[in-house]
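Student: First the structure, which I've put down as structure tokens, then a few questions once you've had a look.
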Amino acid sequence: MRKNFSPGWLLDCILFVVATAGTHLAQVADRPITAVLVYLVGVILIAVHSGVYAALIAAFAASFVYNFLLSEPVFEFGVTTVDEAVPLIAFNATALITGTLVGRLRDTANKASRAQSETAFLLTISDRLQRAVKVEEIETTLRQILPTQGVSSVHIYLAQGDFYVRPGSGEVIMDRLAPLMEGVAQGDAEKSLILELAGARGTLGLARFRLTDLIEDRPRLPDLKSISALIALAIERCILLDEVAENRAQARSETLKDTLLSSVSHDLRTPITVIEAAAGALVSPKIRLPEAERVTLLETIIEQCHRLDRYTGELLNVGQIQAGLTSTSTQVVDLRELSTLAIRQLRTLHPDITIERQYDEDPVLVDANPSLIEQAIFNLLDNARKYGLNQTVSLGVRTDGELAELTVTDQGRGIDDRDKKRMFERFFKGNHNGNHEGSGLGLYIAKGFVESCGGQIDVVSPVEEGRGTRIELRFPLCKDRSHPPEDQSR
Amino acid sequence: MKILIVDDEPSIIRTLNPVLTALSHQVIEATDASEALRAIDKTSVDLVLLDLGLPDADGADLISAFKSRAQASVIVVSARHLEADKVRALDRGAEDYIDKPFGMEELLARIRVVERRLNEASGKDAAVFTSDLLHVDLRTRQVRLMDEPVHLSPKEFAIFEALVRSSGQVVTQRRLMIAGWNEPVVDGQYLRSYIAMLRDKFEEDPSDPELILTESGVGYRLAETLTPVG
């Protein structure tokens, strides 16, 4: 129903005038049947265009105009003959029938389009809600979408045992009536709608919708029951995601525990086993060993004691790193000097190793804890020795712009991409290490020590032609403050 | 005896090799599973000392190969001390196990049990087992401890017989349950009660057993080694 004089009414009037003119022409041409039919077509068109009321007005007007102005006797209104009654009845009956039919059709079409837009809206909500990975994101998403639909806010209450928990804040609500009472407290209980969130495994909680108007004033509310079902689905999904993440974390920690157990049992028990067995053989009166074998066993015992000592040191280093090692006793040191110390330390254990040094001529100074960095360099060299297939290991120390750079390069088989991601993890051992020596802690310790001194550690592998691995350390360069500037006058 | 040592730790092999050689055993070395399998293909082996934690395979998976392809006895050497690992290895046919670290004397004793069993190939069909302490006749079901007869109920005897047949070696709970109840899974409490009854009859101090020893989480071991007769 249109209250104003709008283009719709204008069109109806034009239609009426045109029909009247047509009827008049037909009447003049002495074709009364055509005249009536033209008016009828006019009424039908108005009914189609504007519905039953407009059609009835048009029908009355048409009856009057036809009877009074067009049909004989002109300027006289009277329904005395059947011929005069027929157009009146025909116009009004046509207007009523056509108008009603059109109205129904239009209602159905309107309903269909409303249903379609509701479905589209639910689909949008569903789509947005399914993207949420945390329950608090569900509320945020709803607050962005629902206000356009006459819902000013949504509050979700998750059921946990006998009380509710608000997602996000984690606020615990002990009183089961609280969601209802909150609406009362805010004085808008009649604008609140509380719906249960039913999940597959039982009630998940409640959703309280606050409407912008009173419920009775809203002829078209979004389908809140369906929305509640979608919310429940999204919450369940979030809970499942949480459980999956928890299970993964659990599995990871189990794997680490497992690695720790097997690594410690292997690396501690092996030397102890060797020492106990060797000492047992030496002390047993039943076992008569040649002198040379006795010496070998004694040497083995000493060697395994060193191994135990090294491993204990490594475990202590790991402990330091895990406790959040921060390098306090730093000083300006020359990386070349620390490298030379590390090489000397390695040579006492492995005299046969060949190390090629490529040092800058000038000092390469960094501000770091010298013993940590020396240990890190030693670990890198020892690692290159283990994986380097007994080839020459290169050690480079140079200045690169604002950075001090130290590289250790071996000529081994290289590391594949999967191992590259894991090589700095605790207890990680590459599977191409022929002699299975080592605890899998060396690179982890090197990384921890270097980073605690503000440095960075990277790996490049293969270096060239599918072979070799290069570990690169970078530290902020320290300006040389130990020597006074050179005298320019000389 | 020809002994194959399978261990990824060269230092363990370096220590065991001279000792076993000095005791006139012939030692073959392998540091991983593939080397071990190549070794048994090339030569006959009587005993394998098998470390379970090998770099290229789970040691337990090799046991059936050692048994079927080389008819070798297997003593498992384990660093992880996990009961489940040991039970699995024993169920797959290993004769015995020893935890790292081990005393040399203890290892040699275990090896001697295997060696003795090997020399008594006829022992499998034997009906009489004897030692200084015990005399067991499986046909007449007579048991004598220090020459004194010991009376056992049929179930006690069945369990005791399983221990006697593997005297000196560990027998898993599963095997004892099969011996006593013909099924591998019965309430562990039953087995414990019968072991307690056997200890009452054989041990001087049942609370501190010296003959029927508990291998925690794995099974039981008859400490006395008996020799089959006839």
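Student: Which of the numbered conditions does A:E303 fail, given that it passes all the others? Conditions: (1) within 14 Å of another protein chain (Cβ to nearest Cβ); (2) surrounded by fewer than 14 Cβ atoms within 10 Å (Cβ to Cβ).
Tutor: Here A:E303 clears every test but (2).
Conditions tested, residue by residue: (1) modelled with pLDDT under 90; (2) in contact with a helix residue (DSSP H, G or I) (Cβ under 8 Å, 6 or more places away or on another chain); (3) among the basic types (K, R).
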| position | (1), (2), (3) |
| --- | --- |
| B:S73 | no, yes, no |
| B:K100 | yes, yes, yes |
| B:E120 | yes, no, no |
| B:R144 | no, no, yes |
| B:D147 | no, no, no |
| B:L152 | no, yes, no |
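Student: Which condition does A:A404 not pass, out of (1) within 25 Å of A:G313 (Cα to Cα); (2) crowded, with 16+ Cβ neighbours inside 10 Å; (3) away from every other protein chain (no Cβ under 14 Å); (4) small (G, A, S), if it passes all the others?
Tutor: So A:A404 meets the others, but not (1).
Student: Test B:S44 against the criterion of being touching an Asp or Glu at 6+ places or on another chain (Cβ under 8 Å), touching a residue at least 24 places away in the same chain (Cβ under 8 Å) and more than 24 Å from A:S265 (Cβ to Cβ), and give yes or no.
Tutor: So B:S44 does not fit the description; no.
Student: Please indicate, with yes or no, whether at least one residue in segment B:6-14 is surrounded by 23 or more Cβ atoms within 10 Å (Cβ to Cβ), under 24 Å from B:T172 (Cα atoms), among the β-branched types (V, I, T) and within 14 Å of chain A (Cβ to nearest Cβ).
Tutor: yes
Student: Can I ask one more? Identify, from the list B:L152, B:L213, B:L191, B:L176, the residue that is within 26 Å of B:Q71 (Cβ to Cβ) and either among the hydrophobic types (A, V, I, L, M, F, W, C) or not in a strand (DSSP E or B) (or both).
Tutor: Values: B:L152 fails: within 26 Å of B:Q71 (Cβ to Cβ); B:L213 fails: within 26 Å of B:Q71 (Cβ to Cβ); B:L191 fails: within 26 Å of B:Q71 (Cβ to Cβ).
One residue alone meets the criteria, B:L176.
Student: Which of the residues belonging to segment A:87-105 are touching a helix residue (DSSP H, G or I) at 6+ places or on another chain (Cβ under 8 Å) and among the aliphatic types (A, V, I, L, M)? Show your work before the answer.
Tutor: Initial filter on segment A:87-105 (touching a helix residue (DSSP H, G or I) at 6+ places or on another chain (Cβ under 8 Å)): A:87-88, A:90-92, A:94-96, A:98-100, A:102-103.
Selection gives A:L88, A:A90, A:A95, A:L96, A:V102.
Residue-by-condition table, conditions (1) in a helix (DSSP H, G or I); (2) facing chain B (nearest Cβ under 7 Å); (3) of a type in the set (S, T, Y):
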site: A:L256; (1), (2), (3): yes, no, no
site: A:R269; (1), (2), (3): yes, yes, no
site: A:G280; (1), (2), (3): yes, yes, no
site: A:L289; (1), (2), (3): no, yes, no
site: A:A292; (1), (2), (3): yes, no, no
site: A:T296; (1), (2), (3): yes, yes, yes
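Student: Going by what's in this entry, would A:A234 be described as surrounded by 19 or more Cβ atoms within 10 Å (Cβ to Cβ), more than 14 Å from chain B (Cβ to nearest Cβ) and among the aliphatic types (A, V, I, L, M)? Spell out the reasoning first.
Tutor: Values: surrounded by 19 or more Cβ atoms within 10 Å (Cβ to Cβ): yes; more than 14 Å from chain B (Cβ to nearest Cβ): yes; among the aliphatic types (A, V, I, L, M): yes.
Criteria met by A:A234.
Student: If you don't mind, there's one more thing I want to ask. Pull up segment A:345-368, narrow it to residues that are modelled with pLDDT of 90 or more and hydroxyl-bearing (S, T, Y), then point me to the one that is surrounded by the most Cβ atoms within 10 Å (Cβ to Cβ).
Tutor: Ranking the qualifying residues of segment A:345-368, first place goes to A:Y359.
Student: Taking strands (runs of 3 or more DSSP E) that fall entirely within segment B:54-144, which contain at least 2 residues that are within 14 Å of chain A (Cβ to nearest Cβ) and surrounded by fewer than 21 Cβ atoms within 10 Å (Cβ to Cβ)?
Tutor: Those strands (runs of 3 or more DSSP E) span B:96-99.
Student: For segment A:53-66, state whether one or more residues are surrounded by fewer than 19 Cβ atoms within 10 Å (Cβ to Cβ), under 60 Å from the mean Cα position of the chain (by Cα) and touching a residue at least 12 places away in the same chain (Cβ under 8 Å).
Tutor: yes
Student: Pull up segment B:17-28, narrow it to residues that are facing chain A (nearest Cβ under 7 Å) and closer than 17 Å to B:E115 by Cα, then point me to the one that is surrounded by the most Cβ atoms within 10 Å (Cβ to Cβ).
Tutor: B:V19
Student: Here is a list: A:G412, A:G454. Which entry is crowded, with 18+ Cβ neighbours inside 10 Å and assigned to a loop (DSSP other than H, G, I, E, B)?
Tutor: After ruling out the rest, the residue left standing is A:G412.
The values are calculated or read from the model by the stated rules, or taken from the named source; none is laboratory data. Nothing here was measured: the structure is a model prediction, and the numbers come from that model. Please note: Cβ atoms are built from the backbone with ideal geometry, for glycine as well, and neighbour counts cover all protein chains shown.
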